[in-house]
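Student: Sharing a structure, written as structure tokens. Questions coming.
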Amino acid sequence: FALSGRTHPQPDAPVYVAGPIRVDQDGYETRIHGRQVQLTLRELQLLVYLIKRRGRVASNDEISRAVWGHPADTNTVAVHIRRLREKLGHDSEHGEFIRTIRGAGYRLAPSICA
């Protein structure tokens with residue numbers, strides 16, 4: 001996930017969509033129901049990783065290796081998930097976008113991955 005100096009994303013840049021969430025990875029832009037949400041680079045990477053998993057559970061270890069490139073402290077993942085949840089907010093149809101699966105990890109709400 002490199003940030004570039006471009007102000008306009010390339011036409012073939014990866015865009016990830018899950019329900020009301022739309023992430024333009026190259027343009028470094030995230031929208032929920034069309035409302036722009038400011039995310040840090042790690043939060044953006046974490047959200048894209050969860051979207052790519054399409055509702056499958058990801059363990060702390062899987063997340064840390066995919067997003068940080070190495071095993072990270074469990075608390076590091078939890079803090080980033082919490083901050084991401086705060087920024088994404090809740091949805092009347094889907095509730096909380098990121099679900100905790102006790103003892104297993106995290107996943108996007110299945111209703112937005114359908």
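Student: Once the piece of chain linking residue 70 and residue 96 is laid out straight, how much longer is it, given 0.36 nm per residue of separation minus the C-alpha distance between them? Intermediate results must be reported in sequence, preceding the final value.
Tutor: On the way: separation 26, 0.36 × 26 = 9.36 nm, distance 2.75 nm.
Contour length minus the Cα-Cα distance gives 6.6 nm.
Student: Can you give the charge dipole size of the chain about its Cα centre, rounded to the nearest 20 debye, using +1 on the beta carbon of Lys and Arg and -1 on the beta carbon of Asp and Glu? Could you put the intermediate results ahead of the total?
Tutor: Working: 17 positive and 12 negative charges, 42 e Å.
I would put it at about 200 debye.
Student: Considering the chain, what Rg and Dmax in Å follow from its alpha-carbon atoms?
Tutor: According to the Cα coordinates of the chain, Rg and Dmax are 13.6, 42 Å.
Student: Moving to a separate point now. Place a +1 charge on the Cβ of each Lys and Arg in the stretch 68-114 and a -1 charge on the Cβ of each Asp and Glu, then give the dipole magnitude about the Cα centre in debye, rounded to the nearest 20.
Tutor: Rounded to the nearest 20 debye, it is 120 debye.
Student: Turning to a different aspect of this structure: Just check the stretch 59-108 against the gyration tensor rule for me: Cα atoms, a ≥ b ≥ c as the square roots of the eigenvalues, rounded for a/c under 1.5, and otherwise prolate or oblate depending on whether a/b exceeds b/c.
Tutor: It is prolate, given that a/c is not under 1.5 and a/b is the larger ratio.
Student: Taking neighbour Cβ counts within 10 Å as the exposure measure, how do 84, 41, 46 sort from fewest upward? Each step should come with its number before you reach the end.
Tutor: Working: 84 22, 41 12, 46 25.
In order of increasing Cβ crowding within 10 Å: 41, 84, 46.
Student: Here's something else I'd like to know. Given the DSSP H assignment, sum -39500 (n - 2.57) over each helix run of at least 4 residues in the chain and divide by its residue total; what's the result at 222 nm in deg cm²/dmol, nearest 500?
Tutor: -10000 deg cm²/dmol
Student: In whole angstrom, how far apart do the alpha carbon centroids of the stretch 88-112 and the stretch 55-85 sit?
Tutor: Answer, in whole Å: 14.
Student: Related question: Which of 67, 104, 30 sits farthest toward the positive end of the charge dipole of the chain, with +1 on the Cβ of Lys and Arg and -1 on the Cβ of Asp and Glu?
Tutor: Highest projection toward the positive end goes to 104.
Student: Provide 94, 33, 80 in ascending order of the number of other Cβ atoms located within 10 Å of each residue's Cβ, fewest first.
Tutor: Details: 94 18, 33 10, 80 21.
Fewest-to-most Cβ neighbours within 10 Å comes out as 33, 94, 80.
Computed from the coordinates by the stated procedures, all read-outs in this text should not be read as laboratory data. Note that the structure is predicted; figures quoted are calculated from it, not measured. In this analysis, Cβ positions are derived from the backbone assuming ideal geometry, glycine residues included, and neighbour counts consider all displayed protein chains.
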